[in-house]
Amino acid sequence: DREPSVSDEDDDLETLVPQNHTKPPSPSSRSRASFGISISGFRPALPSSATSLGRVLWSRRYLLSCVCLPVLFIILFFSLGGASSLPASIRLPSASPAADLASSRMREAELHALYLLRSQRSGLLSLFNRTAAPEPTNSSTAAPVSLSDLQTALLSQIKINREIQEALLSTHHSGVGNATDDALDLDLPGPGCRRRELPYNRRTIEWNPKKNRYLFAICLSGQMSNHLICLEKHMFFAALLGRILVVPSQKVDYQYDKVLDINHINDCIGRKVVITYEEFVDKRKKVSIDQFICYVASPPCYMDEEHIKKLKAVGISMGKIEAAWPEDAKLKVPKKRYVADITAKFTTDAEVLAVGELFYADAEEEWIMQPGGPLAHKCKTLIQPSRLIMLTAQRFVQTFLGGNYIALHFRRHGFLKFCNVKKESCFFPIPQAAGCILRIIEKANAPVIYLSTDAAGSETNLLQSLVVFDDRQVPLVRRPEHEGSEKWDALLYRKHMGGDDQVEAMLDKTICALSNVFIGSSGSTFTEDIFRLRRGWGSMSYCDEYLCQGELPNYIAELE
């Protein structure tokens, strides 16, 4: 259905105006109308008094007709749309172009309001049908509408109502600061910074590994955050292929059991689906990768000579490395793949399979990114910080931040060059970044901000000086250096984990993930891992966003 326009309305009104095809007046009537000749000569002779009375009555009727007929014509004229409703052939020239313009604008506004009212009626009917209780049937499996969906639908209808009001008021605007604008409050009720509800139903698959069938994880790209994303995709592949996932040795990768709760994954699934490299070695006499099918074609599996040497150094033998899709070697960006593609290419009877680096794999991305992930389990999320890191983060929050705080991941080191080569730069000047942060503070009404950053002190000092709200400086809190007198980090140091770079990075992520509102750095996998945790834990708020989301830096340096 297209939106009606002014020209459509004009055509409709023209068809409603009758065409006055009247007969030409007779000569006698024309002469009476033109010269007002008395008709007494055509009547029988009357007494003079009767004649005088007749003249008076006739003149009064004539005067009444002269007055009433034009008034009636004017009423009909304007009720049918004015001059615009007349056929073009008899339309008189407009005495006031401004009046015609105002009339046209009013008709356009009314038609737009009518269209919006119809849209609102359709939306409300749809909402009513979704919330109406279904007839009880044995086969009824319809999921109830969640509170979040209901609120979103109602907010949409309120927005349409606002558009209707604005459309009707638009013809009364005479300029800036018009009183009509102030007479009507058009502010919408926003969701504030409350938490987003988790979806009612997740799309999931069961992870039921076959006996003695393993998928050996290989993650090479970037830092720990990249490796965690790669590991999550390996878990999805292992579930699709019915295999147990082998976490790589710390001699060739990070020490995952320092930062992750691997037992938590198995407990959530309800069976042994992930094992450490040490457990894998204990189960097999010969440590080998029987078949190496690379998801990424070039370079094969992102494997370089150095990594191959590391694998061989820990006693892992490998067969021939082959590409699943050799034709992808010519592509700059890997092609999007689906479950059928994965199972067709990687299903094999080999005991130990490796598919190489998966960080760049675009395979069922929407499914993997949903809150809680793609695998059926009984927990909020599978990949999460270790228990020690979780407790330490909670103790830090209780000591320094409290129950209402904003977390900001402010990536700066190496980000200037990285962002400026992108189509839309993500490196913002400090004053602009401060302005964006203040807008979130206003919505969240939080007294403090936790700052996770690799920025230099000169940058963070300037940022702190600019983050002032309601004449009060909002503190940017960073984790302090370890002191024996402070007990919030005692658990980590008792277990000899304090000061470890990867442990501290995961601690930062956890503190950010526990916040009421999170502001991230676009393009950072550190930020994306925090968003993943918040989605799984149900801690995402309606105010979560990337720093200065929807904006470009107000100054961008030239490239080298």
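The values are calculated or read from the model by the stated rules, or taken from the named source; none is laboratory data. Just so it is clear, the structure is predicted and the values come from calculations on it, not from any experiment. All Cβ positions, even for glycine, are placed from backbone atoms using ideal geometry, and neighbour counts span all protein chains on display. These area figures cover heavy atoms from the full protein model, side chains too; ligands, DNA and RNA do not enter into them. Shrake-Rupley method; radii C 1.70, N 1.55, O 1.52, S 1.80 Å.
Assorted remarks:
- Filter result (open to solvent by 80 Å² or more (accessible area, probe 1.4 Å) and either closer than 18 Å to Leu240 by Cα or not in a loop (DSSP other than H, G, I, E, B) (or both)) within the range 323-343: Pro326, Glu327, Lys330, Tyr338
- Pairing each residue of the range 271-290 that is closer than 18 Å to Ile308 by Cα with any residue that is open to solvent by less than 20 Å² (accessible area, probe 1.4 Å) and among the hydroxyl-bearing types (Ser, Thr, Tyr), provided the two are 6+ apart or on different chains, yields C-beta distances under 6 Å for Tyr277/Ser249.
- With respect to (1) closer than 24 Å to Pro429 by Cβ; (2) at pLDDT 90 or above; (3) open to solvent by 30 Å² or more (accessible area, probe 1.4 Å), the lone exception for Glu504 is condition (1).
- Breaking point among (1) open to solvent by 50 Å² or more (accessible area, probe 1.4 Å); (2) out of contact with any strand residue (DSSP E or B) (no Cβ under 9 Å at 6 or more places or on another chain); (3) assigned to a loop (DSSP other than H, G, I, E, B), for Asp257: (3)
- Per-region count, the range 507-525, residues assigned to a helix (DSSP H, G or I) and modelled with pLDDT under 95: 1
- Apart from one condition, Leu416 fits all of (1) part of a helix (DSSP H, G or I); (2) under 21 Å from Cys512 (Cβ atoms); (3) open to solvent by 80 Å² or more (accessible area, probe 1.4 Å); the exception is (2).
Yes/no matrix, rows are residues, columns are (1) in the same structural domain as Ala446 (by the TED database); (2) assigned to a loop (DSSP other than H, G, I, E, B); (3) open to solvent by less than 80 Å² (accessible area, probe 1.4 Å); (4) among the hydrophobic types (A, V, I, L, M, F, W, C):
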position: Ser465; (1), (2), (3), (4): yes, no, yes, no
position: Pro480; (1), (2), (3), (4): yes, yes, yes, no
position: Glu483; (1), (2), (3), (4): yes, yes, no, no
position: Glu486; (1), (2), (3), (4): yes, yes, yes, no
position: Leu491; (1), (2), (3), (4): yes, no, yes, yes
position: His496; (1), (2), (3), (4): yes, yes, no, no
position: Gly499; (1), (2), (3), (4): yes, yes, yes, no
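- Residue list for the range 260-282, filter: within 26 Å of Gln223 (Cβ to Cβ) and open to solvent by 70 Å² or more (accessible area, probe 1.4 Å): Asn263, Glu278
- Ser221 being surrounded by 14 or more Cβ atoms within 10 Å (Cβ to Cβ), among the polar types (S, T, N, Q) and part of a loop (DSSP other than H, G, I, E, B): yes
- Test: residue in the range 378-397 that is open to solvent by less than 20 Å² (accessible area, probe 1.4 Å), of a type in the set (A, V, I, L, M) and assigned to a loop (DSSP other than H, G, I, E, B): yes
- Checked against (1) in contact (Cβ under 8 Å) with a residue 40 or more places away in the chain; (2) open to solvent by 40 Å² or more (accessible area, probe 1.4 Å); (3) within 30 Å of Ala324 (Cα to Cα), Val355 passes all but a single condition, namely (2).
- Hey, Leu198 open to solvent by less than 40 Å² (accessible area, probe 1.4 Å), at pLDDT below 95 and not assigned by the TED database to the domain that holds Thr525 or not: no
- For the range 437-448, the count of residues that are in the same structural domain as Asp508 (by the TED database), open to solvent by 20 Å² or more (accessible area, probe 1.4 Å), under 30 Å from Ile368 (Cβ atoms) and outside any helix (DSSP H, G or I) is zero.
- Qualifying residue in the range 112-130 (condition: at pLDDT below 70 and surrounded by 10 or more Cβ atoms within 10 Å (Cβ to Cβ)): yes
Residue-wise test of (1) among the basic types (Lys, Arg); (2) modelled with pLDDT under 90; (3) part of a helix (DSSP H, G or I).
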| site | (1), (2), (3) |
| --- | --- |
| Asp349 | no, no, no |
| Tyr360 | no, yes, no |
| Phe400 | no, no, yes |
| Ser425 | no, no, no |
| Gln432 | no, no, yes |
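- Screening the candidates Leu559, Leu533 for the property of being more than 19 Å from Arg387 (Cα to Cα) and among the hydrophobic types (A, V, I, L, M, F, W, C) yields one hit, Leu559.
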